[in-house]
Amino acid sequence: MSSQVHSSKSINQSDLHKSKVQVKINTKLIEANHDRLTILIPGLQSFREDLITSPRIIPAPVYSETVQYLRLCKDQSKPQWVACERSYSFGDVGPHGGFVFYTDPGGYHGLEASKLVLGTATWSCEPNNLSGANGELPYEGLANNSILKSIKCDSKVGKPVPTMIDLVSNHKINGYEGWFIPARVTLVMMQRRLALTDIAPKNNVTDIVWSSTEALPTKAFVVDLSSGATLKLNKDLNPNLKNSAQVWPIHKF
């Protein structure tokens, strides 16, 4: 009887821990969505002012069975209701200067990969436990990066060895910041669509690239760009060692 009570208590503690981890993840997702709205709101405000102050007659929207959307078109700073003259597609240079490798239906939004691989770094994190950075799909790398930044993911190897968050936080192309480390499935997509073509960056030091998705308390997922294999490496892998993992950041548009 006493052993059954002990087992029930352990299960409840485990459920409680999982709930706390999920709350932390949900909080970071909310913060990531807030960041996206912060970026979008100025453009919408500018569009509203343009509607109010413009002397030209703006036709009323034509309602049909097709749902209408505001679109931020290529090389434009303001969203518009009408279709873009040209949307983004695979292989284009994106609005932030990277290679487009993924688009939503219609090609108006998606992901672009940096033209530069940033070199090797350690994934890291102190203390040595799960951080909650377990998103795997397109755009979920944003939440992973937000979590790692919020807990101040430091190198377990010690300074001045950089973490992947250190490298990506300082990355700019044409003045654009906001680059982040892709989640595991996104990185597999980059391997198939970019690394196996002539579109991929030419400054690769190694073929192993970090994802922002952790696998275990001590390990995180990497992708081998030559084979497409997903592997698990120690978070504190020293970037100065042979076959260390490097950082290939992406940007949302």
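Check residue 202 against each of (1) modelled with pLDDT of 85 or more; (2) farther than 23 Å from residue 149 by Cα; (3) among the basic types (Lys, Arg) and name the one condition it does not meet.
(1)
Matching residues to (1) closer than 14 Å to residue 220 by Cβ; (2) in contact (Cβ under 8 Å) with a residue 12 or more places away in the chain; (3) touching an Asp or Glu at 6+ places or on another chain (Cβ under 8 Å):
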site	(1), (2), (3)
91	no, yes, no
103	no, yes, no
110	no, yes, yes
113	no, yes, no
123	yes, yes, yes
139	no, yes, no
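Take the stretch 136-146 and flag every residue that is in contact with a Leu (Cβ under 8 Å, 6 or more places away or on another chain) and part of a loop (DSSP other than H, G, I, E, B). If you could, list the steps in order and put the result at the bottom.
Of all residues in the stretch 136-146, those in contact with a Leu (Cβ under 8 Å, 6 or more places away or on another chain) come to 138-139, 143.
Hits for the stretch 136-146 are 138, 139.
Which residue, of 199, 181, is β-branched (Val, Ile, Thr) and within 13 Å of the chain's Cα centre (by Cα)?
After ruling out the rest, the residue left standing is 181.
Against the conditions (1) out of contact with any Leu (no Cβ under 6 Å at 6 or more places or on another chain); (2) at pLDDT 90 or above, where does residue 211 fall short? Just the number, please.
The number of the failed condition is (1).
The values are calculated or read from the model by the stated rules, or taken from the named source; none is laboratory data. On a predicted model such as this, the values are computed, not experimentally measured, just so you know. No Cβ is skipped: glycine too gets one built from the backbone with ideal geometry, and neighbour counts run over all protein chains shown.
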